[in-house]
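Data first, discussion second: the structure below is written as structure tokens.
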Amino acid sequence: MTDRSCKLFFLLLLLLLPLLLPPLLIPRARAAANPDPAPCHPDDLRALLAFAGNLTSAADALLWPSSSSSAPGCCAWDGVSCDAGGRVSALRLPARGLAGPLAARPFLRDLDLSQNALTGAVAAALAALPGTIRAANLSSNLLHGALQGIPLLDHLDTSNNSISGSLAPDLCASAPVLRVPDLSANRLAGALLSSSSASPPPCAATLRELSLANNAFHPRCGS
């Protein structure tokens with residue numbers, strides 16, 4: 001090959017290099033941008049599939065895998081968040097059209113199932129919450145019955161349901177660190193005790209906001 005031919009060859013190579021490099025680099029870039037999801041912890045996987053199976057049309061609404069054989073990397077599923085250790089720590093699924101009773105999640109700190117069609121007694125729904133939970137939003141659902149106790153959490157929103165009965169003075173006996181309970185827009189009724197007529201609730205020292213609007217309370221008169 002003559003010197004002239006060599007120069008033409010290298011010139012042509014330089015001109016074609018920008019066209020040849022992108023196809024070679026794109027697969028590697030895609031692999032770096034979309035690494036294979038980490039395997040789902042077996043306990044979390046079982047709990048998530050049980051949760052979806054317990055709710056009407058949940059699998060269709062969430063587009064979650066329907067079996068463990070097709071469900072790697074649950075931390076990438078719709079509404080699922082994981083902690084640094086790869087364990088599911090939050091489940092946020094507002095307004096997904098989910099219906100049915102609430103099932104327990106074993107390892108969870110944050111739950112948002114607002115604006116769905118969850119049914120059943122509110123006491124049973126709260127009892128199903130895992131002990132690790134710190135914030136639960138169950139607002140705008142179809143929960144009913146008496147509010148008999150609040151789990152050990154910081155934030156609770158059960159507004160806009162059909163919760164009835166009275167507000168017991170020991171309501172938050174099991175949640176002494178409760179800071180923001182929202183019980184508005186329900187069917188709570190009876191006397192609303194003042195601080196002078198009853199012992200303060202166990203969470204009185206930690207309460208920052210308490211919403212009881214749009215219920216049917218009436219003040220207790222006299223001593």
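The values are calculated or read from the model by the stated rules, or taken from the named source; none is laboratory data. Keep in mind it's a predicted model, so treat the numbers as computed, not measured. Ideal geometry is used to build each Cβ from the backbone, glycine not excepted, and the neighbour counts take in all protein chains shown. In case anyone asks, the SASA skips ligands and DNA or RNA and just uses the protein heavy atoms, side chains included. Shrake-Rupley method; radii C 1.70, N 1.55, O 1.52, S 1.80 Å.
Numbers for the structure displayed
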{"read-out": "Positions within the range 193-222 being part of a strand (DSSP E or B) and at pLDDT 75 or above, in sequence order", "value": "Ser211, Ala216, Phe217, His218"}
{"read-out": "Strands (runs of 3 or more DSSP E) fully within the range 135-178 counting 3 or more residues that are of a type outside the set (Asp, Glu)", "value": "135-137, 144-146, 162-165"}
{"read-out": "Residue that is surrounded by the most Cβ atoms within 10 Å (Cβ to Cβ) [pool: residues in the range 117-144 that are under 16 Å from Ile163 (Cβ atoms) and of a type in the set (S, T, N, Q)]", "value": "Asn141"}
{"read-out": "Leading residue by the ranking (most open to solvent (accessible area, probe 1.4 Å)) among those in the range 148-169 that are among the aliphatic types (A, V, I, L, M) and touching a Ser or Thr at 6+ places or on another chain (Cβ under 7 Å)", "value": "Leu152"}
{"read-out": "Qualifying residues in the range 67-87 (those that are hydrophobic (A, V, I, L, M, F, W, C) and in contact with a Leu (Cβ under 8 Å, 6 or more places away or on another chain)) - the one modelled with the lowest pLDDT", "value": "Ala71"}
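Conditions (1) in a loop (DSSP other than H, G, I, E, B); (2) at pLDDT 90 or above; (3) open to solvent by 40 Å² or more (accessible area, probe 1.4 Å), marked per residue:
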position: Asp43; (1), (2), (3): no, no, yes
position: Ala50; (1), (2), (3): no, no, yes
position: Asp60; (1), (2), (3): no, no, yes
position: Pro65; (1), (2), (3): yes, no, no
position: Ser89; (1), (2), (3): no, yes, no
position: Ala95; (1), (2), (3): yes, yes, yes
position: Pro106; (1), (2), (3): yes, no, yes
position: Leu111; (1), (2), (3): no, yes, no
